[in-house]
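Worksheet for the structure shown next.
The values are calculated or read from the model by the stated rules, or taken from the named source; none is laboratory data. Just so you know, these numbers come straight off a predicted model, no measurement behind them. Note that we place each Cβ from the backbone using ideal geometry, even for glycine, and neighbour counts take in every protein chain shown.
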Amino acid sequence: MDLAGEGGYEGVQMREVAERADVAMGTVYHYFSSKDHLLAESLAEWIRGLETSVARNPARGDTTLERVLDLLGRVTQAMQSNQKVSAALIGGLVAQGEQVAACQQDMHETFSAMLGTAFGSDYPPARRDKVIRSLEHIWFSELIAWKNGWNPFEQGVRELQDAAELFLAD
């Protein structure tokens, strides 16, 4: 994460990771098949940490929409606070490979569970799952658009909020 913060995606070099961790290169490659795998796992770990934070400090708001927007705001604010790290992690997450795909699945499950906490027990489960999955797809698409320079970060945030409002407005 420090290397990504210093130099973005290109700043993360496996040799430097090994040096900073004070381990052999073989040890790094034992746990991570590639730089992309390392970055994807880092993003999945970051999302798990955010889920833990949400468990301690649940979503705020009187309606499902308000609670979902609160959680999405926390996620995007955290990513926006260090854009070099975020872009590097997203770069790893969009790569191909079995290990990266496992990280993508882990991130999906964690993100879905976290957003699920914004929905009341009376909310229809099938609809909840569809709303969460759709918001997740929009979020992921907007992150890629931002990382690739297609949209400013703020536009992605607005589009994600617009989608939440469309799905959840009374």
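Number of residues in the stretch 9-48 that are outside any helix (DSSP H, G or I) and charged (D, E, K, R): the value is 1. Against the test of being surrounded by 13 or more Cβ atoms within 10 Å (Cβ to Cβ), among the aliphatic types (A, V, I, L, M) and out of contact with any Asp or Glu (no Cβ under 7 Å at 6 or more places or on another chain), the options Met25, Met114, Met107 yield a single qualifying residue, Met107. Comparison of Glu51, Glu6 shows that the only residue that is part of a helix (DSSP H, G or I), exposed (fewer than 14 other Cβ atoms within 10 Å of the Cβ), modelled with pLDDT under 90 and not polar (S, T, N, Q) is Glu6.
Any residue in the stretch 33-43 that is within 26 Å of Arg158 (Cβ to Cβ), surrounded by 16 or more Cβ atoms within 10 Å (Cβ to Cβ) and either of a type in the set (D, E, K, R) or at pLDDT below 95 (or both)? Within the stretch 33-43, one or more residues are within 26 Å of Arg158 (Cβ to Cβ), surrounded by 16 or more Cβ atoms within 10 Å (Cβ to Cβ) and either of a type in the set (D, E, K, R) or at pLDDT below 95 (or both). In the set Gly73, Gly61, only one residue is in contact with a helix residue (DSSP H, G or I) (Cβ under 9 Å, 6 or more places away or on another chain) and assigned to a loop (DSSP other than H, G, I, E, B); that residue is Gly61. Taking the stretch 141-163 only, how many residues are more than 19 Å from Asp70 (Cβ to Cβ), polar (S, T, N, Q) and either touching a residue at least 12 places away in the same chain (Cβ under 8 Å) or surrounded by 13 or more Cβ atoms within 10 Å (Cβ to Cβ) (or both)? Of the residues in that region, 3 qualify.
Sub-8 Å Cβ pairs linking a first residue in the stretch 15-40 that is closer than 17 Å to Val85 by Cβ to a second residue that is in a helix (DSSP H, G or I) and of a type in the set (Phe, Trp, Tyr), at least 6 apart or interchain, are Leu39/Tyr9, ordered by first then second residue.
Listed here are the residues, each with its yes/no results for (1) out of contact with any Leu (no Cβ under 9 Å at 6 or more places or on another chain); (2) modelled with pLDDT of 90 or more; (3) among the aromatic types (Phe, Trp, Tyr).
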| site | (1), (2), (3) |
| --- | --- |
| Phe140 | no, no, yes |
| Lys147 | yes, no, no |
| Gly156 | no, no, no |
| Phe167 | no, yes, yes |
| Asp170 | no, no, no |
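Per the listing Leu166, Leu115, the residue uniquely under 19 Å from Arg67 (Cα atoms) and without any contact (Cβ under 8 Å) to a residue 40 or more places away in the chain is Leu166.
Only residues that are assigned to a loop (DSSP other than H, G, I, E, B) and of a type in the set (Gly, Ala, Ser) were counted across the stretch 104-130, and they come to 3. For the stretch 55-85, filtering for residues that are crowded, with 19+ Cβ neighbours inside 10 Å and modelled with pLDDT of 90 or more leaves 7. Screening Phe140 with (1) within 23 Å of Glu41 (Cα to Cα); (2) of a type in the set (Phe, Trp, Tyr); (3) touching a helix residue (DSSP H, G or I) at 6+ places or on another chain (Cβ under 6 Å) gives one miss only, at (3). Taken over the stretch 117-140, residues that are surrounded by fewer than 16 Cβ atoms within 10 Å (Cβ to Cβ) and farther than 24 Å from Arg56 by Cα amount to 6.
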